[in-house]
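One structure is given below, encoded as structure tokens.
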Amino acid sequence: MRCLNCQTSNMTVALIGKVTYGGIPTNQRSDYMLVVRASDKPDAKGYRAVITDGDSPYFQKRRIPMVCVDGLTSFSEGDILSVEPTTGTIMFLYEVNTLSNAILVTEECNCACLMCPQPPKHESESRTQFNCKLIRLMAPGPKELALTGGEPTLVGDQLLTLLRECQKWLPDTNVIVLSNGRRLSDRRYAEGLARLGHSRLTIAVALYADVDRLHDEIVGVKGAFGDTIRGLYTLALYGFVIEIRVVLLSLNYRRLPKIADFLYSNMPFASHVAFMGMETTGLAEKNLERVWVDPFDYRQQLEEACGYLSQRMIPVSVYNLPLCVLPPPLRRFARKSISEWKNIYLPECQVCGVKTKCGGFFESSGVRRSAYIFPIGD
Amino acid sequence: MIYNKPLLKEDGSTEVVVDPVFFGSEAVLNTAYLFTGECYIRLLATSEQGIVIAFTPKRPDVTIGVLVQQYLNELIDQQLRVQIRHDTADIQRVIVIEAFAPLDTKEG
Amino acid sequence: MIFSSVSADRTYQFLPFRFMRVFGKALLVNQGGQFLMLDNDAFARFAEGILGTNEDIYLDLKAKHFLADGGLELPVEMLATKYRTKKAFLRSFTSLHMLVLTIRCNQKCKYCQVACENANAHRFDMQADTAKKSVDLIFQSPSPHIKIEFQGGEPLLNFDVLRFAVEYAKELNAHIKKHLEFVVCTNLTDVNREQLDYCKEHEIYISTSLDGPQSLHDLCRPMHAGEGSHDRLMAGLELAREIVGADRVSALMTATRASLGQFPRIVDEYVAKGFTSIFFRSLNPYGRAVSGRAELGYPVEEFVRSYQEGLDYILELNLRGTWFVEDYAALLLTRILTPFGTGFVDLQSPSGAGIACAIYDYDGNVYVSDEGRMLARNGDKKFLMGNVHQHDYRRVFRGDVIQRTVESSCVECLPGCRDCAFNIWCGADPVRNYATRGDMVVHKPSDDFCQRNMAIIQHLLNKVLHGDGDIQDVLWSWITRRPRAKALSCDSEDNLCDA
């Protein structure tokens, strides 16, 4: 999530609210945070907080919670923020001007992937109530929303609750649940999810190899491969829209064409396969020497794998890789997949002829990047 | 010796003896079946030296010498098939049962 | 279910598979229909149980379920899923139902399986009440897809009953709501506008026969009085395309002695007449084809040679930009290269006769296949399942005839088939076996049917394994039924899109 520093007044606990520049009727203001210049003196009665660019005696006198930031241009009407006074942090939980929005269902996980960009943490409290409120505030909602983690299925029936809230408040939003699929082999659980009848739901399941030994090594759990396959079978049984995601690492790229064949032969019901460049943060940074491979070095295998699935009419995408490291025939599969808030371009990209079409890099890519980045001519 | 040199008999048949240490009767029979399009095959009583197989061509254009060599070659593969089938028969049966078992009889 | 692990002295165990020595290597095919080629020495090491667990080949064999180490539960579940998928046609049970509206015909094709009666002998027409009882029986099939195919003789000669059957079927289906399709197999030589308008209105597909250019076609498919039928067929075809649309008209050909070596010319005729596919059908050894064997028949090797030549010619056409499909190859390729099975009654295991298709004769007799019906006309009622006027669904579709036919046609249990590497892509035809050799289970080494299919499958495998990228694209365009996309230019970024 995108974060900003701030200073708060009249605020002791964290608040979440929806950004507005005004015009909200008084009886609806409690969910909103009004953006105003410090010099202005608007009617701010009823708002959860005000966001200003400087200290304002006007609001201080009225004891209205105040969030002071350096500039007001980052806030768009409808963004949803959480403000944590103890750390002086604003977190953008939802941004209307971005394509990628996500809800963190839980930080707990039942795997320990070597390249996990968001290492699992123990949680003492459930986030579901918070997330339900967030979903309600998001209405009418973005085009696409990811339910992610950790491992979302670990919250059990609370995941159904979240999806029900999505159906209620965000009926036109495409929801994608990112999962390792292990708990989805439980037929009763999958049936419960299916009975919700969510009309715009995709389950994206991560699978990293065509043999258990390799997949289990990558996810750090023995038996995970079998669980995930059974999860995929169960999802197929209940008619879910299924996406399969394969992160590309040093450990599995050599087998990529074989993995493509494995996916086609065993999971032809998949609606989409995404091959993903690795994000070099979190555990991936910690295990870098073990997992890193220059994307340029797997371009041949990736081209073969994408061509293989494409020929068999399985939709394929390549995520998280810049166009320059991809051989030209692969570029049609590349998508702008990196969340805007952590998406950067490099100095050499300024003169690149395809910059507007390219997904760019992760902010964290400074840790290690391909040695083959170069601007493409017009 | 896995098999001896083929022997042409008076009645026009060619006999070869295969060593039962290497080849079971099942493989010998299965292989024989494949060649019954081109020749008549008799499996004669097993002696100490082994299983005696007699080939008689069905048509004048059939070259028995070549055919016997083909038979012996194929016999090695057939012996392997017998072994694979025996090793995997139970698994195959379970696969077919599982493939057609009603859903509600399965765990999940 | 608890399975025991591998025995102590071996690191892996076999999963069920068959193998064949071909193209100088070993071809392995597993229980789910996946295949792998191994060098002979790698195969030997695999077979001896001494393959190293870190070798790439070891991982390939494991991923493709030829070997298992550790637990058996997951490989069994995955192979069962794949096997079930290959046999998905069994779930539907009988989906193709052929109604013989009449055995009258206005043509007298030399290889005809139907004992053709005079065009005016109306007592050989199916009556409306027989059609009604047949459709009643048809809708008791559990299949969610029903295809009713009108055959004959020439079915258009009994158009009133065709109309009745279509409308009665639609009436029944209004409540049952199956996916219902109609096809009429007609020679198109006498079709009129009214009939075609009706086909368009009720979305009836048209299947016709075109054996080749005029000289070839007229040789074996004369009108009843003896003159050629090609001109009339062309007129009927043009009218049919105009009224029902080209995508609802298809043709197939039957190869006779005269057509051998001529397949490229026949393809040219199909292309010239606007077709986008052909089915190289070999002569069935029934009906007049038996008595006319000297004139019409040919050794199987010659058909295979012609087939290969015809297929290669079609591939060339595709490579040069004309999209054209050979339907038998497309079917086999779908079985070889995809996880899915295909319908195709004549090459199923267990045989499709009865369980995938059934034929209702003009008199209400129900047979497992057209060939079964032909045998009955010659006095042998072995494949008569029952009669719509006398017997109920249970007696017809659960009786002895179907049972015996199924039992004799599972490749896993047939001599010669059981160990054949191609068996999961192939099938058996017990009715044909019985009709030609007197037994539902034939002597495989001398079986034409086997020889033909093995040769064709091997020819296709050669293309799959050794064909270049363009050939692979053509083969896949047949499987996916999509004309090949033009190669995307490297600099075209038109297809990039945002996430």
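The values are calculated or read from the model by the stated rules, or taken from the named source; none is laboratory data. What you see is a predicted model; the values in this text were computed from it and never measured. Counting neighbours? That spans all protein chains shown, and the Cβs are built from the backbone with ideal geometry, glycine included.
Checked across the range C:221-235, the condition of being under 20 Å from residue C:182 (Cβ atoms) and buried (at least 17 other Cβ atoms within 10 Å of the Cβ) holds for no residue.
Here residue A:262 passes the criteria (1) surrounded by fewer than 18 Cβ atoms within 10 Å (Cβ to Cβ); (2) out of contact with any Pro (no Cβ under 7 Å at 6 or more places or on another chain) except the one numbered (1). Only residues that are within 29 Å of the chain's Cα centre (by Cα) and away from chain B (no Cβ under 14 Å) were counted across the range C:55-81, and they come to 1.
Sort through A:265, A:185, A:199 and tell me the only one that's within 11 Å of another protein chain (Cβ to nearest Cβ) and farther than 26 Å from residue A:117 by Cβ.
Values: A:185 fails: farther than 26 Å from residue A:117 by Cβ; A:199 fails: within 11 Å of another protein chain (Cβ to nearest Cβ).
Just one listed residue meets the conditions, A:265.
Among the residues making up the range C:443-465, those that are within 14 Å of chain B (Cβ to nearest Cβ) and in contact (Cβ under 8 Å) with a residue 40 or more places away in the chain are C:448, C:451.
Scanning the range A:235-255 for residues that are farther than 17 Å from residue A:176 by Cα and either within 12 Å of chain C (Cβ to nearest Cβ) or without any contact (Cβ under 8 Å) to a residue 40 or more places away in the chain (or both) gives A:237, A:252, A:254, A:255. If you check A:331, A:299 for being within 23 Å of residue A:254 (Cβ to Cβ), charged (D, E, K, R) and within 12 Å of another protein chain (Cβ to nearest Cβ), only one passes: A:331. Checking each residue in the range C:310-348 for being within 12 Å of the chain's Cα centre (by Cα) and of a type in the set (Val, Ile, Thr) picks out C:334, C:342, C:345.
Of the strands (runs of 3 or more DSSP E) lying entirely inside the range B:1-71, those carrying at least 2 residues that are in contact with a Cys (Cβ under 6 Å, 6 or more places away or on another chain), on the phi < 0 side of the Ramachandran plot and crowded, with 16+ Cβ neighbours inside 10 Å are B:51-57.
Given the residues B:23, B:55, which is the only one that is in contact with a Lys or Arg (Cβ under 9 Å, 6 or more places away or on another chain), hydrophobic (A, V, I, L, M, F, W, C) and modelled with pLDDT of 85 or more?
B:55
Please pick out the residue among A:52, A:12 that is loosely packed, with under 13 Cβ neighbours inside 10 Å, closer than 19 Å to residue A:88 by Cα and not assigned by TED's automatic domain parsing to the domain that holds residue A:338.
Among A:52, A:12, only A:12 is loosely packed, with under 13 Cβ neighbours inside 10 Å, closer than 19 Å to residue A:88 by Cα and not assigned by TED's automatic domain parsing to the domain that holds residue A:338.
What's the number of the condition residue C:474 fails, among (1) crowded, with 18+ Cβ neighbours inside 10 Å; (2) closer than 28 Å to residue C:25 by Cα; (3) in contact with a strand residue (DSSP E or B) (Cβ under 7 Å, 6 or more places away or on another chain)? Result: residue C:474 fails condition (3) only.
The residues on offer are A:29, A:48, and the sole one that is closer than 21 Å to residue A:136 by Cβ and either touching a residue at least 24 places away in the same chain (Cβ under 8 Å) or of a type in the set (Gly, Ala, Ser) (or both) is A:48. Tell me, yes or no, whether the range C:119-135 has at least one residue that is closer than 22 Å to residue C:340 by Cα and either outside the structural domain of residue C:221 (by TED's automatic domain parsing) or crowded, with 22+ Cβ neighbours inside 10 Å (or both). There is no residue in the range C:119-135 that is closer than 22 Å to residue C:340 by Cα and either outside the structural domain of residue C:221 (by TED's automatic domain parsing) or crowded, with 22+ Cβ neighbours inside 10 Å (or both).
Checked against (1) modelled with pLDDT of 90 or more; (2) β-branched (Val, Ile, Thr); (3) under 22 Å from residue C:48 (Cβ atoms); (4) out of contact with any Gly (no Cβ under 8 Å at 6 or more places or on another chain), residue B:82 meets all criteria but (4).
How do the helices (runs of 4 or more DSSP H) wholly within the range A:219-299 filter down when requiring 1 or more residues that are under 23 Å from the mean Cα position of the chain (by Cα): which remain?
On the way: elements: A:224-237, A:256-266, A:283-286, A:288-291.
Filter on the range A:219-299 gives A:224-237, A:283-286, A:288-291.
Within the range C:9-44, restricting attention to residues that are of a type in the set (S, T, N, Q) and within 9 Å of chain B (Cβ to nearest Cβ), the residue that is surrounded by the fewest Cβ atoms within 10 Å (Cβ to Cβ) is C:13. Residue A:37 fulfils the conditions (1) crowded, with 19+ Cβ neighbours inside 10 Å; (2) farther than 27 Å from residue A:135 by Cβ except for a single criterion, (1).
Scanning the range A:195-218 for residues that are more than 23 Å from the chain's Cα centre (by Cα), assigned to a helix (DSSP H, G or I) and either at pLDDT below 95 or buried (at least 22 other Cβ atoms within 10 Å of the Cβ) (or both) returns a single hit, A:212. Residue pairs whose Cβ atoms lie under 8 Å apart, separated by 6 or more positions or on different chains, with the first residue in the range A:258-280 and without any contact (Cβ under 8 Å) to a residue 40 or more places away in the chain and under 17 Å from residue A:233 (Cα atoms) and the second part of a helix (DSSP H, G or I) and among the polar types (S, T, N, Q), are A:266/C:81.
Please enumerate the residues belonging to the range A:268-293 that are within 14 Å of chain C (Cβ to nearest Cβ), surrounded by fewer than 21 Cβ atoms within 10 Å (Cβ to Cβ) and either of a type in the set (Asp, Glu) or under 23 Å from residue C:341 (Cα atoms) (or both). Break it down stepwise before answering.
To start, the set of residues in the range A:268-293 that are within 14 Å of chain C (Cβ to nearest Cβ) comprises A:268-270, A:272, A:274-277.
Still in the list and also surrounded by fewer than 21 Cβ atoms within 10 Å (Cβ to Cβ): A:268-269, A:272, A:276.
The answer is A:268, A:269, A:272.
Close Cβ contacts (under 9 Å, 6 or more residues apart or on different chains) running from residues in the range A:360-378 that are in a loop (DSSP other than H, G, I, E, B) to residues that are of a type in the set (S, T, N, Q) comprise A:360/A:343; A:368/A:280; A:369/A:280; A:375/A:350. Residue B:97 fulfils the conditions (1) in a helix (DSSP H, G or I); (2) away from chain C (no Cβ under 14 Å); (3) of a type in the set (Val, Ile, Thr) except for a single criterion, (2). Exactly one residue among C:406, C:366 is surrounded by 16 or more Cβ atoms within 10 Å (Cβ to Cβ) and in contact with a Leu (Cβ under 9 Å, 6 or more places away or on another chain), and that residue is C:366.
The number of residues in the range C:357-387 that are under 20 Å from residue C:150 (Cβ atoms) and either out of contact with any strand residue (DSSP E or B) (no Cβ under 6 Å at 6 or more places or on another chain) or of a type in the set (S, T, N, Q) (or both) comes to 8. Identify, from the list A:142, A:171, the residue that is out of contact with any Lys or Arg (no Cβ under 6 Å at 6 or more places or on another chain), within 20 Å of residue A:204 (Cβ to Cβ) and in a loop (DSSP other than H, G, I, E, B). Answer to the selection: A:142.
Listed here are the helices (runs of 4 or more DSSP H) enclosed by the range C:211-323 that have at least 3 residues being small (Gly, Ala, Ser): C:230-244.
Against the list (1) more than 21 Å from residue C:192 (Cβ to Cβ); (2) part of a helix (DSSP H, G or I), the condition residue C:158 fails is (1).
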